[in-house]
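Worksheet: the structure to be examined is printed underneath.
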């Protein structure tokens with residue numbers, strides 16, 4: 001029985017040594033991975049423009065800075081038609097703009113913010129004429145529906161200093177009816 005017990009102890013000691021070696025190897029590998037990950041420097045990619053192309057080489061997105069120092073993101077469809085533009089600007093429009101283009105490559109909708117706290121949503125017809133607009137300023141808001149000549153046919157407005165009102169205009173822009 002003593003020989004049998006000694007054989008079992010010898011087997012247990014060999015298994016124990018293997019487990020300790022395996023544990024030490026695992027700890028060494030984990031430590032090395034953590035050390036390599038911790039010493040890896042942050043990577044920054046810098047450029048004046050980025051062009052994203054599909055596998056066929058067609059431009060699908062273009063991120064650029066204009067000569068006025070405005071950031072622009074242009075998105076194209078599969079046929080290389082411009083479909084959307086996001087502009088971060090503080091120039092003529094006063095703030096950022098998001099423009100959607102129709103299949104005819106003309107503006108279909110625009111959302112813009114002005115530095116003075118105003119915001120604007122405009123919807124265009126197929127000839128890029130403003131047909132519906134919604135504007136909000138610190139002084140009030142307005143909804144306008146226009147004809148094909150961009151004349152204000154119906155306007156609903158309201159503000160901090162004036163009560164809400166509805167205006168109807170003729171083709172020459174003259175008020176033909178209003179309430180109140």
Filtered residues of the range 131-159 (kept if modelled with pLDDT of 85 or more, within 16 Å of residue 171 (Cβ to Cβ) and in a strand (DSSP E or B)): 131, 144, 145, 146, 153, 154, 155
All-but-one check, residue 90 against (1) touching a residue at least 24 places away in the same chain (Cβ under 8 Å); (2) under 23 Å from residue 61 (Cα atoms); (3) loosely packed, with under 13 Cβ neighbours inside 10 Å, failing number (3)
Of 124, 169, which residue is under 22 Å from residue 85 (Cβ atoms) and either out of contact with any helix residue (DSSP H, G or I) (no Cβ under 6 Å at 6 or more places or on another chain) or at pLDDT below 85 (or both)? 124
Breaking point among (1) over 26 Å from the mean Cα position of the chain (by Cα); (2) crowded, with 16+ Cβ neighbours inside 10 Å, for residue 110: (1)
Six or more apart or on different chains, Cβ atoms under 7 Å: show the pairs whose first residue is in the range 52-63 and free of Cβ contacts under 8 Å to residues at least 40 places away in the same chain and whose second is assigned to a loop (DSSP other than H, G, I, E, B). 58/80; 59/80; 60/54
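The values are calculated or read from the model by the stated rules, or taken from the named source; none is laboratory data. Remember, predicted model here, so these are calculated numbers, not experimental data. Neighbour counts run over all protein chains shown; Cβ positions are idealised from the backbone, glycine included.
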